[in-house]
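Below is one structure, written out as structure tokens; comments come after it.
The values are calculated or read from the model by the stated rules, or taken from the named source; none is laboratory data. On a predicted model such as this, the values are computed, not experimentally measured, just so you know. Cβ sites come from the backbone with ideal geometry, for glycine too, and all protein chains shown count toward neighbours. What goes into the accessible areas is simple: the full protein's heavy atoms, side chains included, and nothing from ligands, DNA or RNA. Shrake-Rupley method; radii C 1.70, N 1.55, O 1.52, S 1.80 Å.
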Amino acid sequence: MADYPLPPAWVVENLRAGLVIPAHPLALTEQRKLDERRQRALTRYYHAAGAGGIAVGVHATQFDIREPQHGLFKPVMQLASDTIAVCDKAANRKTVRIAGVCGGTAPAVAEAQFAREAGYHAGLLSLSALREADDEALVQHCRTVAREIPLIGFYLQPAVGGRVLSFNFWRRFSEIPNVVAIKIAPFNRYQTLDVVRAVAESGRASDLALYTGNDDSIITDLLTEYTVPTAAGEVRLRMVGGLLGHWACWTQAAVKLLDECKAAWANNTIPARLLTLAAQVTDCNAAFFDAANGFAGCIAGIHEVLRRQELMANTVCLNPREQLSPGQREEIDRVWRAYPHLNDDEFVKRNLAHWLA
């Protein structure tokens, strides 16, 4: 255990309680330079909306920030961490800071070290760079990175760069002492169940938090209690919160939705209204994430929602090919009209000038 740094107790407690954790986008100028004012405003927005954690340097932040020609990884990570710290001090709160950690073992270790020094509490570990590695190599990679920072596992769907990860891998990953949570985002029911079963059988169900990253099934994930028979007896567990690109917009509404789901858990009753909302949220996600085009416009789609709210100035991405797909803007129009109760337009409008100051 001494070889694995542990997070503060409040981080584990808050993650276990269930948080809204938006995946932080990247605000750029038309010249594809960091727009620090808008980037800071986004962080302030998430904090004010009630997000209990913020994830930076992840898929929504654009993995290209790590490319030498951009040189944005450290500036973006530091800016977010510093802004969260200022917001926390002003509001007397504690926000879980999560850093995306990517690449082969050497670069992942370097990113983990930097994230720890920059004030992040855990690393969301992407395994996309290890496409051909077997379970043994993957587990050793994870253990090496875990010696630098507590980990959050990440099952990223293959359609946007992830890889299939086995039950055996997740079973062994869950045994790493400073794994504090797992983001389950394969967009696949069978693979989701692999992770749930692995955590149940690892004996970590009581202290390892499960978070949905299945943006196509957010509320259904949050309402489902799993009962898993194991050699030690039946284990009950659920996804307690979400670490989601979808929650990078309309975040205040997401906080209210999670509170409703928690109330349903407490009452042991699922109101029919929540099941209706589940389908509506998925319909919104289809537009935001560009499901009709294989998620090609998933980053630009979130940017478009934030642009309409004037939190972002444009939908520009570092990769010029990352843009809205034909018809995606019209789909966003449609869901905005159809589900006004799911947006937080008025909240943003009231506070935008303050966040941009």
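Here are some notes:
- Extreme residue, nearest to the chain's Cα centre (by Cα), among residues of region 20-39 that are touching a residue at least 60 places away in the same chain (Cβ under 8 Å) and open to solvent by 20 Å² or more (accessible area, probe 1.4 Å): 38
One line per residue, one yes/no per condition, for (1) surrounded by 16 or more Cβ atoms within 10 Å (Cβ to Cβ); (2) part of a helix (DSSP H, G or I); (3) in contact (Cβ under 8 Å) with a residue 12 or more places away in the chain; (4) in contact with a helix residue (DSSP H, G or I) (Cβ under 7 Å, 6 or more places away or on another chain):
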{"residue": "3", "(1), (2), (3), (4)": "no, no, yes, no"}
{"residue": "7", "(1), (2), (3), (4)": "yes, no, yes, no"}
{"residue": "43", "(1), (2), (3), (4)": "yes, yes, yes, yes"}
{"residue": "47", "(1), (2), (3), (4)": "yes, yes, yes, yes"}
{"residue": "55", "(1), (2), (3), (4)": "yes, no, yes, no"}
{"residue": "64", "(1), (2), (3), (4)": "yes, yes, yes, no"}
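- Tabulated pairs, region 183-198, first touching a residue at least 12 places away in the same chain (Cβ under 8 Å) and more than 17 Å from residue 247 (Cα to Cα), second in a helix (DSSP H, G or I) and hydrophobic (A, V, I, L, M, F, W, C), C-beta under 7 angstrom, 6+ apart or interchain: 194/167; 194/170; 195/170; 197/167; 198/167; 198/170
- Residues satisfying the stated conditions in region 11-34, i.e. in a strand (DSSP E or B) and β-branched (Val, Ile, Thr): 20, 21
- Some residue of region 273-287 being crowded, with 20+ Cβ neighbours inside 10 Å and within 28 Å of residue 33 (Cβ to Cβ): no
- Filtering region 87-117 to residues that are under 22 Å from residue 20 (Cα atoms) and touching a strand residue (DSSP E or B) at 6+ places or on another chain (Cβ under 9 Å) leaves 95, 96, 97, 98, 99, 100, 101, 115, 116.
- When region 165-219 is filtered for residues that are basic (Lys, Arg), in contact with a Leu (Cβ under 9 Å, 6 or more places away or on another chain) and under 30 Å from residue 273 (Cα atoms), only 183 remains.
- Matching strands (runs of 3 or more DSSP E) fully within region 132-243 where at least 1 residues are open to solvent by 10 Å² or more (accessible area, probe 1.4 Å), hydrophobic (A, V, I, L, M, F, W, C) and in contact with a Ser or Thr (Cβ under 6 Å, 6 or more places away or on another chain): 151-156
- Close pairs from region 158-172: first within 24 Å of residue 295 (Cα to Cα), partner in a helix (DSSP H, G or I) and polar (S, T, N, Q), Cβ under 9 Å, at least 6 apart: 164/191; 165/191
- Complete set of residues in region 102-125 that are in contact with a His (Cβ under 8 Å, 6 or more places away or on another chain) and buried (at least 19 other Cβ atoms within 10 Å of the Cβ): 108
- Test: residue in region 290-307 that is under 21 Å from residue 214 (Cα atoms), of a type outside the set (Phe, Trp, Tyr), touching a residue at least 60 places away in the same chain (Cβ under 8 Å) and part of a loop (DSSP other than H, G, I, E, B): yes
- Cross-chain or 6+ apart pairs with Cβ under 8 Å, region 66-89 first and under 12 Å from residue 115 (Cβ atoms), then of a type in the set (Gly, Ala, Ser) and surrounded by fewer than 21 Cβ atoms within 10 Å (Cβ to Cβ): 74/118; 77/118; 78/118; 81/118; 81/119
- Test set (1) open to solvent by less than 50 Å² (accessible area, probe 1.4 Å); (2) in a helix (DSSP H, G or I); (3) not charged (D, E, K, R) - residue 354 fails condition number: (1)
- Inter-residue pairs, beta-carbon under 7 Å, first farther than 22 Å from residue 283 by Cβ and in region 337-357, second open to solvent by 80 Å² or more (accessible area, probe 1.4 Å) and at pLDDT 95 or above, 6+ apart: 352/310; 356/37
- Given (1) at pLDDT 95 or above; (2) more than 18 Å from the chain's Cα centre (by Cα); (3) not basic (Lys, Arg), number of the condition residue 130 does not satisfy: (1)
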